[in-house]
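J.: Once you've had a glance at the structure underneath, I'll fire off some questions.
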Amino acid sequence: MKEFVLSKLGKLPDNIKDVFRRTKVDDLVCSQLRYRAPWEILLADISKDNVCVSGDACHPMTPDLGQGACSALEDGVVLAKCLAEAFSRSSIGDKCSEEEEYERIKMSLSKYAKERRWRAFDLVSTAYLVGHLQFTTEKVISFLRNKFLAPHLVTMLMKKATYDCGMLQAST
């Protein structure tokens, strides 16, 4: 495998090739790509009580969009906004009961799940579709992809990268 990778490095600078040359094969970790059917995102609970999932636990996707880490960062911003909003309703001096705090967290996570559900569904569905189109061996689909769909796919994929999850407010 190491020789195969080295043969594919082409005209990369030698210092980059050296990283691959010095890497021991035993140090490599190969993991299977995980996929979550888009309808599972719509139908399953991604938050329950005071627990939620985010990142790959919520929306594992194939790397065909290059949006996995970006969407995990989006999750973090949206989650932080939802939690901050829940706890900024009371003034700093006010204390809330443990039950009220629990309910605030629960509602925040529910809001987070509602806000992220459709974005996650969109990304996972698109990644699956793009992967299928890229690697299909079906002649008709390959022809349509190469002759007609390519310009539309590029436009669609660029729009996936422009998601505004809002601004985090600085605490005072």
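J.: How large, in percent, is the carbon and sulfur part of the accessible surface of the stretch 124-172 at a probe radius of 1.4 Å?
T.: 67 percent
J.: Moving on to the next point. Over what distance in Å are the Cα centres of the stretch 119-148 and the stretch 97-117 separated?
T.: One Cα centre to the other: 37 Å.
J.: Could you name the lysines in cross-link range of LYS95, using Cα to Cα under 22 Å and dropping any fewer than eight places away on the same chain?
T.: Within reach: LYS81, LYS106.
J.: Ignoring ligands, DNA and RNA, how do MET61, MET1 rank by accessible area with a 1.4 Å probe, largest first?
T.: My answer, sorted largest first, is MET1, MET61.
J.: If you don't mind, there's one more thing I want to ask. Which FRET efficiency value, to the nearest 0.05, do you get for ALA44 and GLU103 by plugging their Cβ-Cβ distance into 1/(1 + (r/R0)^6) with R0 = 25 Å?
T.: Efficiency computed from Cβ-Cβ geometry: 0.65.
J.: In addition: With a probe of 1.4 Å, find how much accessible area the chain has per residue, and write the answer as a whole number in Å².
T.: 72 Å²
J.: Which one, (1) 16.3; (2) 19.6; (3) 17.2, gives Kirkwood radius over Cα pairs in Å as derived from the coordinates shown?
T.: Computing Kirkwood radius over Cα pairs in Å and matching it to (1) 16.3; (2) 19.6; (3) 17.2 gives (2).
J.: Treating the beta-carbon of each Lys and Arg as +1 and of each Asp and Glu as -1, no other charges, what is the dipole magnitude of the stretch 27-168 about its Cα centre, to the nearest 20 debye?
T.: 720 debye
J.: Pull out the extension gain between MET156 and THR23, defined as 0.36 nm times the separation in residues minus the alpha carbon to alpha carbon distance; nm, one decimal.
T.: 44.2 nm
J.: Ordered by packing density, taken as the mean number of other Cβ atoms within 10 Å over each peptide's residues, highest first, how do 34-47, 115-128, 2-15 rank?
T.: 115-128, 34-47, 2-15
J.: Please pull out the direction-averaged projected area of the stretch 67-130, using the convex hull of its alpha-carbon atoms, in nm² to one decimal place.
T.: Mean projected area for the stretch 67-130: 4.7 nm², to one decimal.
J.: So how much slack lies between ASN15 and TYR163, counting 0.36 nm per residue of separation and subtracting their Cα-Cα distance, in nm?
T.: Difference between extended and current length: 49.7 nm.
The values are calculated or read from the model by the stated rules, or taken from the named source; none is laboratory data. These numbers come from a predicted model, not from an experiment. FYI the Cβ positions are ideal-geometry reconstructions off the backbone, even for glycines, and counts take in every protein chain you see. Remember, those area values only see protein heavy atoms, side chains included, never the ligands or the DNA or RNA. Shrake-Rupley method; radii C 1.70, N 1.55, O 1.52, S 1.80 Å.
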